[in-house]
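K.L.:
This is the structure I have questions about; it appears just below.
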Amino acid sequence: MAAPALQVIGMTKRFGAMTALDNVTINFEPGKVHALLGENGAGKSTLVKCLVGFYSANEGQVIYDGREVAIKTPFDAAALGIGMVYQQFTLVPSMTVEENLVLSRGNLPMKIKWSEETKALRAFMARMPFQVPLEKQISSLAAGEKQRLEILKQLYLDRRLIILDEPTSVLTLEEADEALGLIRDMAHRDEISVIIITHKFREVTSFADNVSVLRRGKLVGEGKVAELSPDQMAEMMIGSRQIKTSADKIVHEAGAVRLETIGLTVGDDGGLTAVHGVNLAVKSGEILGIAGVSGNGQRELIECLLGQRPVAGGMVKVKGEPYSMTRREIQKHKIFSLPEEPLRNACVPNMSVAGNMALRSFDQQPLASGPLLHYGALGSMAKRLIAEFRVKTSSPEAPIRTLSGGNVQRAVLARELSAEVDVLIVANPVFGLDFAAVADIHSRIVAARNRGAAVLLVSEDLDELLELADRILVIFEGEFVYETPAANADTSIIGRYMAGHASTPAAVAAPEAVAA
Amino acid sequence: MDNNDIGMWGILIAVIGGAIRVSTPFLFVSLGECLTEKSGRINLGLEGILVMGAMSGYGIAYLTGSPWLGVLVAGLSGCVLGSLHGFICGLPRVNDIATGIGLMLFGTGLAFFLGKPFVQPKAPSLPAIPFGFWSSSPQIKAALQVNVLFLLGIALAFAMHWAFRNTRWGLIVRTVGDSADAALAMGFSVRTVRTLATAAGGFLAGIGGSFLSLYYPGSWNESLSSGQGLMAVALVIFARWRPLYCFGASLLFGGAGALGPALQSVGITSGYYLFNAAPYVLTLGIMIATSSTKHSLAGAPGELGVIRA
């Protein structure tokens, strides 16, 4: 069974007046890993969704193994052997691994003979380079396991052209390397052809053979990865725009402890304990990064510190005083935050951009006197912040949900960083944003630190932590298992702790936060 | 056993007998709602379907003389109303809660309108199997008059339990109910599956309604249903969307509903109306006891209660 070849010729896809894909022609060679590189909204996802039958293109041809094919539904794509591993998992959470695999096959018999299915699946798993326990329920799997299962699912279905959509957004570096390495080896053995959608150069340079770069729906460059430098690819990807680099961190001694937790325990949604009695201390003028694979208690920890989730045990202190997340305390101590999914966690989606920007300060001078709001002052503040933080919005009165992800993030950042900040709590601030937005938001976080704010930064992106943080704590299953200064951090050691292989090499630095 | 002094035993037997009688409509309606909700949709209109089923079943049984034909037509009328709900909810930007409440009012109103001529006449009843034949006690004989529909309901609960895990349709319904994205990625039509599941759920609720008019209480009038259709929705939540638990919960609710009449039959009449409120108190009590501000409901289909704007 040989790897298939695929050509896309003159493909165009329009959504109303917007052209998401504009006359794109790409040749995907058999047995190769082909990267589709581009910023968010460049048209990568639209292109592959046309290939797997999710959308149907307005114009263009698809040539598969030398003959023209019409892919109108996901069934057509499946029949050809084209399979996609989605960025959002398409597993059914309440079912087991086994049920999900059998279900994915599509041509189920009316009555399912589980004993035979189990036997066949065990034999299949034994042949695979990586495994997932068959009897486990999906909702109990870690993100990395789900990603592996998604890939296994495509192999189980005998797909020969496998499309990976942002495959490493939820994996640790090591997990990503392992999964992509295995996929690349299979391609090079001519078993499958692979398309990877990504905006990370590291994945392109490490794993892809060919690359096509999309920008605003157009093909703007392509070639062999070996012949292109990351700088050339970056230029194709973002055009002539200037990238603002991260603000330089001023070297200074960290000041007094601003935010600390003492034996903090937090529950999860299911009544279990997500964070087990952790101690941390963030000092003035430093960024404390928390690294970890998603689902190890970071979300619950942040939600607790932001007052969205009750403290189950232990306590939180700010500037030495007990802190119970009341609005009075938040304003007194100047605590600000940029939670993940800001539209959900930090905005009122149907309220105007101006209204959302005033959520922190509408009850204080100069926006209010007594029970009355000063709309004039509110409007001029919003205009000033929109200009200063370059929020792209049709007007200050537009509902904030109409803004793109990056602009919602900027609007929230404008609100949170426009006043004096003593404590800043940040979670995955640039998840899914494009280059320019990432650099901008990073530089503003670093600027807050330079002005003396104590910053707690939770991120699933290790590169982000290494770039921004002064110290890094690794969280695993709700406990801090490793601490290191960011400056001389060893990513392979961090990765091992993130994956829970704590026993291998001895810890380099003793967790000093515990003593604080 | 002394027939003149049956005391506590009498109450217990009466409650058991009552549980079997009263639970049957709960069982069918809750199994129907379980199926619908498993597919990711809520049908609050089951009360209307239940009343419509009671009316149409009674009417057909009276006109044709066959109670079983009545049951079938009751199911079909439920199926039609269920399909209507399914179709309307499948349209873009339709909220299934609001549609369900509309359907509830529509179903009861339509049943009252069409059912006027059937309030007086007497239709034939469904047969029952006398499982109490071995006993000389009239109480036990009465309690163990088990209707065939009850047995069918039990069989259905087991069949659904098995089918959700072991058949293609079972897996498809669970997939659609738990993750519409996953279902779409596998090429299932979420809308079709939900519409079919809502129609099938309506069929079962209609049968539940026919039990009310054709067996117990056994006549058609406008005060026939006392909210069984609505309570079945609560019952499904309490049963954690599992068919076998639906059966247990129906028995429990049926037993609670039989408490008032059972006490009355042994001469305890004070607080009769208070005891009649037992199922509702039980509903509230169970909802409070099993809910929590910290835990999300285990077993709830993931697509359920998603507010579509």
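K.L.:
Going through segment A:37-67 one residue at a time, which ones are part of a helix (DSSP H, G or I) and of a type in the set (S, T, N, Q)? First the steps, then the outcome.
P.N.:
At the first step, the residues of segment A:37-67 found to be part of a helix (DSSP H, G or I) are A:44-51.
A:S45, A:T46, listed by residue number.
K.L.:
Which of the helices (runs of 4 or more DSSP H) found entirely inside segment A:285-383 contain at least 2 residues meeting this: at pLDDT 90 or above?
P.N.:
Details: elements: A:298-305, A:327-333, A:342-345, A:353-357.
Result: A:298-305, A:327-333, A:353-357.
K.L.:
Strands (runs of 3 or more DSSP E) wholly in segment A:422-491 with at least 1 residues that are open to solvent by 10 Å² or more (accessible area, probe 1.4 Å) - which ones? Talk me through it step by step, then tell me what you get.
P.N.:
Numbers: elements: A:423-427, A:454-459, A:471-476, A:479-485.
By residue number, A:471-476, A:479-485.
K.L.:
Counting only residues that are within 7 Å of chain B (Cβ to nearest Cβ), open to solvent by 40 Å² or more (accessible area, probe 1.4 Å) and part of a helix (DSSP H, G or I), how many does segment A:68-84 have?
P.N.:
Number of matching residues: 1.
K.L.:
What number of residues within segment A:85-107 satisfy the criterion of being more than 7 Å from chain B (Cβ to nearest Cβ) and open to solvent by less than 10 Å² (accessible area, probe 1.4 Å)?
P.N.:
The number of residues fulfilling the criteria is 5.
K.L.:
B:G132 versus (1) at pLDDT below 85; (2) within 14 Å of chain A (Cβ to nearest Cβ): which is the lone unmet condition?
P.N.:
Here B:G132 clears every test but (2).
K.L.:
Could you list, in sequence order, the residues of segment A:16-36 that are in a loop (DSSP other than H, G, I, E, B) and crowded, with 18+ Cβ neighbours inside 10 Å? Break it down stepwise before answering.
P.N.:
Here is the first cut: in segment A:16-36, the ones in a loop (DSSP other than H, G, I, E, B) are A:16-17, A:29-32.
Once the filter is applied, which keeps residues that are in a loop (DSSP other than H, G, I, E, B) and crowded, with 18+ Cβ neighbours inside 10 Å, segment A:16-36 yields A:G31, A:K32.
K.L.:
Among the residues that make up segment B:210-219, is at least one of them modelled with pLDDT under 90, open to solvent by 60 Å² or more (accessible area, probe 1.4 Å) and either within 30 Å of B:S66 (Cβ to Cβ) or within 14 Å of another protein chain (Cβ to nearest Cβ) (or both)?
P.N.:
Within segment B:210-219 (the criterion being modelled with pLDDT under 90, open to solvent by 60 Å² or more (accessible area, probe 1.4 Å) and either within 30 Å of B:S66 (Cβ to Cβ) or within 14 Å of another protein chain (Cβ to nearest Cβ) (or both)), the answer is yes, since at least one residue qualifies.
K.L.:
Also, I was wondering about something else. State whether the residues of segment A:35-46 include one that is more than 23 Å from the chain's Cα centre (by Cα) and modelled with pLDDT of 90 or more.
P.N.:
Within segment A:35-46, the first condition is being more than 23 Å from the chain's Cα centre (by Cα), and the residues that meet it are none.
For segment A:35-46, residues more than 23 Å from the chain's Cα centre (by Cα) and modelled with pLDDT of 90 or more: absent.
K.L.:
Picking from A:T205, A:T198, which residue would you name as being of a type in the set (S, T, Y), open to solvent by 10 Å² or more (accessible area, probe 1.4 Å), at pLDDT 75 or above and in the same structural domain as A:T12 (by TED's automatic domain parsing)? Give the derivation first.
P.N.:
Working: A:T198 fails: open to solvent by 10 Å² or more (accessible area, probe 1.4 Å).
After ruling out the rest, the residue left standing is A:T205.
K.L.:
Going residue by residue through segment A:114-124, is there one that turns out to be over 24 Å from A:G181 (Cα atoms) and at the interface with chain B (Cβ under 8 Å from one of its Cβ atoms)? Step through it out loud before you land on a result.
P.N.:
Here is the first cut: in segment A:114-124, the ones over 24 Å from A:G181 (Cα atoms) are A:114-120.
Filter again for at the interface with chain B (Cβ under 8 Å from one of its Cβ atoms), leaving A:114.
Within segment A:114-124 (the criterion being over 24 Å from A:G181 (Cα atoms) and at the interface with chain B (Cβ under 8 Å from one of its Cβ atoms)), the answer is yes, since at least one residue qualifies.
K.L.:
Here is a follow-up. Of the residues in segment B:91-142, how many are within 23 Å of the chain's Cα centre (by Cα), among the charged types (D, E, K, R) and surrounded by fewer than 12 Cβ atoms within 10 Å (Cβ to Cβ)?
P.N.:
0
K.L.:
As an exercise: evaluate B:I88 against (1) closer than 30 Å to B:R191 by Cβ; (2) open to solvent by 10 Å² or more (accessible area, probe 1.4 Å); (3) out of contact with any Ser or Thr (no Cβ under 8 Å at 6 or more places or on another chain) and give the number of the one condition it does not meet.
P.N.:
Condition (3) is where B:I88 drops out.
K.L.:
Keeping to segment B:176-209, report how many residues are touching a Phe, Trp or Tyr at 6+ places or on another chain (Cβ under 7 Å) and either within 14 Å of chain A (Cβ to nearest Cβ) or closer than 18 Å to B:G70 by Cα (or both). Please lay out each step first, then the result.
P.N.:
The initial filter retains those residues of segment B:176-209 that are touching a Phe, Trp or Tyr at 6+ places or on another chain (Cβ under 7 Å), namely B:176, B:185, B:187, B:195, B:204-205, B:207-208.
Still in the list and also either within 14 Å of chain A (Cβ to nearest Cβ) or closer than 18 Å to B:G70 by Cα (or both): B:176, B:185, B:187, B:204-205, B:207-208.
The qualifying residues number 7.
K.L.:
Under the condition of being over 29 Å from A:A42 (Cβ atoms), assigned to a loop (DSSP other than H, G, I, E, B) and in contact with a strand residue (DSSP E or B) (Cβ under 9 Å, 6 or more places away or on another chain), which residue from segment A:134-157 is least open to solvent (accessible area, probe 1.4 Å)?
P.N.:
A:L134
The values are calculated or read from the model by the stated rules, or taken from the named source; none is laboratory data. This one's a predicted model, so the numbers in the text were calculated from it and none came from an experiment. Methodologically, a virtual Cβ is constructed for each residue, glycine included, from the backbone with ideal geometry; neighbour enumeration extends over all protein chains shown. All accessible areas refer to the heavy atoms of the entire protein, side chains included, with ligands and DNA or RNA removed. Shrake-Rupley method; radii C 1.70, N 1.55, O 1.52, S 1.80 Å.
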